[in-house]
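The structure under discussion appears below in the form of structure tokens.
The values are calculated or read from the model by the stated rules, or taken from the named source; none is laboratory data. Because the structure is a prediction, the values reported are computed rather than measured. Neighbour counts run over all protein chains shown; Cβ positions are idealised from the backbone, glycine included. For accessibility, only protein heavy atoms count, side chains too; no ligands or nucleic acids. Shrake-Rupley method; radii C 1.70, N 1.55, O 1.52, S 1.80 Å.
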Amino acid sequence: MVPRIDFLGDVPDEIWLLIASFMRLRDIICLRLLHSLTQDQLLWLRLLQGLADMEPLPPLATQILKSGAGPDGIHVEELCRFVHRTEKTWIETRSKPWSLTVRENSDPRSTTPQALNDNSALTLLSLNVFKDRWLLIVYREALMELWDLYPELSSKANVSALNCPRYDAICRARTQHHNLAYGTSCAAVLTDDDNALLVGVTSEPNVTIVLRFSLDFRDRNYVGSEVVATFSTPSPTHLLRAILPNSSVLVYSRSQVISIVHMETHQEWNVGDDEGEEALWNGVIGAIPIADQHLLCVKTRSVELMTRLQPDGSLSDILSRSSSTPAEWNQTASIVRHEFSETSFRSVSIADPSISLDADGNSVLNITFLAFDVLNGLYQYRATANLPSLSDMPLHMEVQLIGVHQMAQTIPLTDQLEGVRRTRSGFTQGSRAFVSACCLGAQGKRGIWVERQRNSVKRAVYGYKVNSERVDEGSPGQRYITGQCIYEVSSFDLRDDLTHCAFAESTGLVVLGTRNGEVLLI
């Protein structure tokens, strides 16, 4: 059988030389001219722009598209090749994972207690990757680590820095604040200039601390950190969901209600109401601010868009007014809701929001999120909404189901009457697995999830590319999210369960966290 050639670069140079040897002189000169044309930067810039619509791009490529030209030392052709190569290889099976271990204290001014060593028992609270480079690890013991996954980017901003091996990752900061005891929730956000990372942690007993990690470390080998704010958490049930650095505002959730707190005045206002004791529990599982004026809130059974939170001025201005009342605050908020059908989501991963202008010049929000129901499986949605600039404009939000990977399905009453076998849980036999964690990339074009096999010791990690086409939420039998297994491990110890996951979307580097606090790179 003749091997199939998918790319001209797969043809050996000897074959090209043999072909050229049969050409006339004029044809060889034309071939050289074509070669010169393929080295034109404008050609590769247009190709990179086309790739941006289909594939996630590394931050280096985003900078080039914004400026229209590549910085010194960066070849656009190399970036295009990197994006194409990553698209082909990121869902391939991974080799043995690399365990992240702090080999030495990279920050000589570290505030980590000497008694806390690498052998201490730790429990993961969250894993997050920012700008496909910075890995933030927060433990329940209030220990925070900031890892640089691609340290060579500090000295050379080119594509070769993205090809460094996993074991080159460096811990730039490791700190534990003395006022924190046992972490209960956390949130983190990059500043607008991407030069700092704000991290907020709530801890027992009722303490909230916000730290700032400066990412502009230049000649130093470590990242400096400082405490921005310290105050009492309103109650032990308040969980930190988001930070709005421009407005000095923290967003908490308390059961089914969103609480907004000003970091300086400590004023607190609640947005939304409890749905009553008789209603099904609909707690908050995720929230993301949009343009410091709106908030998308994902709950176990619904998604809500809260907008027009301020009739005049910013959130900071409203919260700093001592004359404002909770009733006045709730009257200014406009909330629209979309109910989910037959699902009770446990966790959600939200991509970065995108705001564009329609033909009439109005702002339109597009945001994608991936949620999982332990029994039902994975569901990916896209929310589209108008962001009204005037208080009298109506608010409208449309939520589309664009991907589903169902594990088990509820048995309709009609099928039960027809003799379909009913299990004790009320679900079909479905898949012999359930989801334990999931993550959607910041650009919303790739995703991963962790799956645990029922009646088995196998744990598997799947990767998939987002399908942007809309699907019908009422067609349960099909699997629209088709992932490929990129890593599988057998573990007899429940402490080795994969409970957290994150990844650098544009490079394909996956980060996994276990129940015993170990962090792995694959």
Based on this model, can you work out whether Gln409 counts as modelled with pLDDT under 85, open to solvent by 50 Å² or more (accessible area, probe 1.4 Å) and touching a Pro at 6+ places or on another chain (Cβ under 8 Å)? yes
Take Ser225 and decide whether it is surrounded by 22 or more Cβ atoms within 10 Å (Cβ to Cβ) and at pLDDT below 90. yes
Just a yes or no: is a residue in segment 305-317 at pLDDT 80 or above and buried (at least 20 other Cβ atoms within 10 Å of the Cβ)? yes
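Name every residue in segment 499-522 that is more than 16 Å from the chain's Cα centre (by Cα) and under 22 Å from Gln443 (Cα atoms), in order of residue number.
The answer is Leu521, Ile522.
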Looking at segment 163-213 only, could you name the residues that are open to solvent by 20 Å² or more (accessible area, probe 1.4 Å) and among the aromatic types (Phe, Trp, Tyr)? Tyr167, Tyr182
Go through the residues of segment 238-258 one by one and say whether even a single one is open to solvent by 10 Å² or more (accessible area, probe 1.4 Å), modelled with pLDDT under 85 and aliphatic (A, V, I, L, M). no
In the list Thr86, Thr111, Thr101, which residue meets the criterion of being of a type in the set (Ser, Thr, Tyr), modelled with pLDDT of 80 or more, out of contact with any Phe, Trp or Tyr (no Cβ under 9 Å at 6 or more places or on another chain) and part of a loop (DSSP other than H, G, I, E, B)? Thr101
Report yes if some residue within segment 320-330 is at pLDDT 85 or above and of a type in the set (Ser, Thr, Tyr); otherwise report no. no
Within segment 234-260, tally of residues that are touching a Leu at 6+ places or on another chain (Cβ under 8 Å) and not in a strand (DSSP E or B): 2
Looking at segment 335-367 only, could you name the residues that are hydroxyl-bearing (Ser, Thr, Tyr), open to solvent by 30 Å² or more (accessible area, probe 1.4 Å) and within 17 Å of Leu296 (Cα to Cα)? Ser347, Ser354, Ser356, Ser363
Is it true that Leu116 is at pLDDT below 75 and either open to solvent by 90 Å² or more (accessible area, probe 1.4 Å) or under 30 Å from Arg174 (Cα atoms) (or both)? yes
Considering only segment 182-201, how many residues are part of a strand (DSSP E or B) and polar (S, T, N, Q)? 2
In segment 22-62, which residues are over 27 Å from Tyr150 (Cβ atoms) and open to solvent by less than 80 Å² (accessible area, probe 1.4 Å)? Met23, Asp27, Ile28, Cys30, Ser36, Thr38, Asp40
What are the residue pairs meeting all of these: first residue in segment 360-372, first residue touching a residue at least 24 places away in the same chain (Cβ under 8 Å), second residue open to solvent by 20 Å² or more (accessible area, probe 1.4 Å) and in a loop (DSSP other than H, G, I, E, B), Cβ atoms under 7 Å, and 6 or more apart or on different chains? Leu365/Pro353; Ile367/Pro353; Phe372/Arg346
